[in-house]
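What follows is calculated from the coordinates using simple rules that are stated; it is not laboratory data. Computed from a predicted structure; not experimentally measured. FYI the Cβ positions are ideal-geometry reconstructions off the backbone, even for glycines, and counts take in every protein chain you see.
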Amino acid sequence: MKKLAFSAALLLGLLSVAAETSAQGFHARPPKQPVASSQVPVYLNDRKPIEERVEDALSRMTLEEKVAVCHAQSKFCSPGVKRLGIPEVWMTDGPHGIRPEVKWDEWDQAGWTNDSCVAFPALTCLAASWNREASLLYGISIGEEARYRNKTVILGPGVNIYRTPLNGRNFEYMGEDPYLAAEMVVPYVQGVQSNGVAACVKHYALNNQEINRHTTNVIVDDRTLYEIYLPAFKAAVQEGGAWTIMAAYNRYKDQHACTNKYLLLDILKGEWGFDGAVVSDWGGVHETPQAITNGLDMEFGSWTDGLTNGVSNAYDNYYLANPYLNALRSGKASEEVLNDKVRRVLRLIFRTEMNRRRPWGSLCSDEHYQAARRIGAEGIVLLQNKNNTLPINVDEASKKILVVGENAIKMMTVGGGSSSLKVQREISPLDGIREAVAGRAEVVYARGYVGDPSGEYNGVVTGQNLNDDRTPEALIAEAVEAARAADYVIFVGGLNKSAHQDCEDSDRAGLELPYGQDRVIEALAAVSKNLVVVNVSGNAVAMPWVKKVPAIVQAWFIGSEAGHAIADVLFGEVNPSGKLPMTFPVKLSDSPAHASGDVNQYPGVPRGDGSPILDEKYTEGIYVGYRWYDTKKIRPLFAFGHGLSYTTFKYGKATASAKTINADGSLTVSIDVTNTGSRAGAEVVQLYITDKKCTVDRPTKELKGFEKVSLAPGETKTVKFTIAKQALSFFDATAHKWVAEPGVFTAHIAAAADDVRSSVDFELK
Ligand code: BGC
């Protein structure tokens, strides 16, 4: 009450100042009188339900204003309705941190000095944590950064399924399994949106490679689409309640995904009941008629050169701008369809910008750094640890530590495409290691190899000078000599954010490590018994030296806290508990999209009809990731779900609460898991289901549950999974619905896709 009275007094005071001003000669329009709340227009009254406000605002908008909100007015923003006081919509990448401000019409950073952010771990790392709470923390934290920076929408998270290890953008996604990605995306979306900032789940759908990303027409059967490529999007929409979704660049059924009737109208808005706004990927729209009719709501980035390339104002010439207005005026387009788009945009604005109750956010806070470090360390995967090489116990026997490799020093938050960031700080692995052992051990560094010394993206520069003119032989010789004198050797290599590595707009050329790193690792392995290889990447890499290296750590792109998180694991501050969200194959030809070697399957074949379109057939069908390796009995280098700990876990015997399950019932499978080692640790207990007999082909087993359990030494916990019909179903393309056939199923409790610990059968009646 007090607060209200004060505000009213202030308002009255201001009004009398205005009155005096006009009395002194300024001819102002009469000041607006304070209005009773019953007179506040409905759309401004936040006590009214959103749908009422949407209808009210819509009814006040002109045709021109309606069309204007359906397309961009700058690189990253679309107009609101100035006349009505409805704010602009500001987008930002996404998905690992808040992108630096760019110029109005250009990709280049604007050069602000207050737009540095915290870089959170790449989504591959988040997925590798297999921890839903970590995902919620991630979403809340990045949402707070976006809110503080006054953004309406974060362009992320990405949930395109890991179909091939060559995809340059896999690092921005959540791995190869639809169940894991679906479970992990939901809390991220909820966390972001709890800040009154919209998540924009991308890239919907079938954007599984970067090469020819605008011209590839994906040919995939319905069952594969529904079982593999859609579930994470569906969960983000239906369970996460995502307010926006970004349509992809590629084509499907011969329509661009941004203007795709099947994906947008039939599935997303039809079957799933999505009530939010569909945003185009930047420059993903190519024509007006389909942009109008097929479910797109907001067009962005069409002419990325902005004004310099535009006729008068490039934005007026967007497919959903003047061409749309003309179609409406001449009666070729219906206003009802336009109204649907506008309602969705207004809904977005009321949920975000015009939600007066949303929090204020925060930027570069200690909490955000702590979250980044915690999630980073939780996602790191201990792939191999012979002779308990790790953790490194800094004592008399490990006084000298040699760190080798470009990725130990190279900033990884700059580069990679649209997810590139301008960070307030980034701890390199070398700095993290030095800090962790300061005063207790000596750390020396050798370069080992030169990869890509450059470090610039859209005007953001790392400022590092990584040039080194020495020959590969000289670099190896230096590292080997230093290794002979070291107690431990930590090689930090992998991929980076340059083109043809983990980077947008290009795919990798092969599975191998680049820059001759294999040679360096082999040479180090020959002289050091205590060699640790830390692979920094968002993708699987080949490891021909796997038998010669005792300890291997998968470290991903971890962001601002990379060095701290890596050191936490290497020196045992954190007991690793990450598990791979994708399979590491021995060689590329072992993997599903490459096994046939057929270019129809990857990267697609030009039609040869003069059009730029390539057709690509997902002939591996549902056999993506471990579904393929399992079913074809191909031994991976490291399996999906694999990850070691510094302690050991013993699994008991799986038991089912019943022998049978009814179509609408459920049963519980339980198992005891015991920490049999001497350290506290966490284990990701995985549930896979096998359909023993079915009228259609089914993979050997499929992930249908997981729980991450923390256990003190000696502690036992019972892990329970509820199994209902959905976990037993496949998508029947003919009937266009999920079907579970009666019969016997097996529930496997596993520590990895290739490490089943106990199984139990049950029957679906
Ligand atoms: C990317 C999107 C990104 C957008 C805006 C596009 O090139 O594919 O993921 O959000 O640019 O930067």
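Worth pointing out:
- Between the alpha-carbon centres of the range 200-248 and the range 677-736 there is a gap of 24 Å.
- When only Cα pairs below 8 angstrom with a gap of at least 6 residues are kept, the range 597-686 shows a relative contact order of 20 percent.
- Spatial offset of the range 337-362 relative to the range 385-400 amounts to 54 Å, using the alpha carbon center of each.
- Highest-first arrangement of 63-71, 44-52, 717-725, 219-227, where packing means the average Cβ count within 10 Å: 63-71, 219-227, 717-725, 44-52
- The antiparallel fraction among DSSP beta bridges confined to the range 376-574 stands at about 25%.
- Volume per residue for the chain equals 202 cubic angstrom (convex hull of Cα atoms).
- Neighbour-count ranking [beta-carbon atoms within 10 angstrom, fewest first] of Leu230, Leu328: Leu328, Leu230
- Counting charges near Cys503 (Lys, Arg +1; Asp, Glu -1) among other residues having Cβ under 15 Å from its Cβ returns a value of -4.
- Within the chain, antiparallel bridges make up roughly 55 percent of the DSSP beta bridges whose residues both belong there.
- Long-range amide H partners of Phe706 with built H, under 5 Å: Leu687
- Rounded to whole numbers, the Karplus 3J(HN,Hα) couplings from phi for the range 645-658 are 10, 7, 10, 10, 10, 10, 9, x, 9, 6, 10, 10, 6, 8 Hz, using 6.51 cos²θ - 1.76 cosθ + 1.60 with θ = phi - 60°, and x at Gly and Pro.
- Couplings for the range 147-160, taken from phi via the Karplus curve 6.51 cos²θ - 1.76 cosθ + 1.60 with θ = phi - 60°, read 5, 4, 8, 6, 9, 8, 9, 9, 7, x, x, x, 9, 6 Hz in order; Gly and Pro are left as x.
- The chain - percent relative contact order, Cα under 8 Å, separation 6 or more: 13
- When the pairs Lys617/Lys701; Lys701/Lys737; Lys66/Lys103; Lys202/Lys692 are compared against a 31 Å limit on Cα-Cα distance, Lys202/Lys692 fall above it.
- Theoretical ellipticity at 222 nm over the chain - DSSP helices of four or more residues, -39500 (n - 2.57) apiece, nearest 500: -7000 deg cm²/dmol
- Three principal axis extents describe the C-alpha atoms of the range 644-764; from largest down they are 53, 25, 18 Å.
- Principal semi-axes in Å for the range 518-636 [√(5λ), Cα gyration tensor, largest first]: 35, 17, 15
- Rounded to 10°, Cα long-axis angle of helix 517-527 versus longest principal axis of the chain: 30
- Interchain or long-range residues, amide H under 5 Å from Gly494's placed H: Val536
- Value of relative contact order over the range 8-351, rounded to a whole percent, pairs C-alpha under 8 Å and six or more apart: 16
- For the range 733-750, the Karplus equation 6.51 cos²θ - 1.76 cosθ + 1.60, evaluated at θ = phi - 60°, returns couplings of 5, 5, 7, 6, 7, 7, 10, 10, 8, x, x, 8, 10, 10, 9, 9, 9, 9 Hz by residue, with Gly and Pro reported as x.
- Each part reduced to its alpha carbon centroid, the range 594-628 and the range 130-199 end up 28 Å apart.
- For Val553, nonlocal amide neighbours, meaning residues 5 or more places apart or on other chains whose placed amide H falls under 5 Å from its own, are Leu383, Val533, Val534, Asn535.
- Column: log10 I(q)/I(0), Debye, Cα scatterers of the range 8-351, q = 0.10, 0.11, 0.15 Å⁻¹: -0.62, -0.74, -1.29
- Listed by chain and number, the lysines whose alpha-carbon sits under 23 Å from that of Lys547, ignoring those within fewer than 8 places in the same chain, are Lys386, Lys529, Lys579, Lys587, Lys633.
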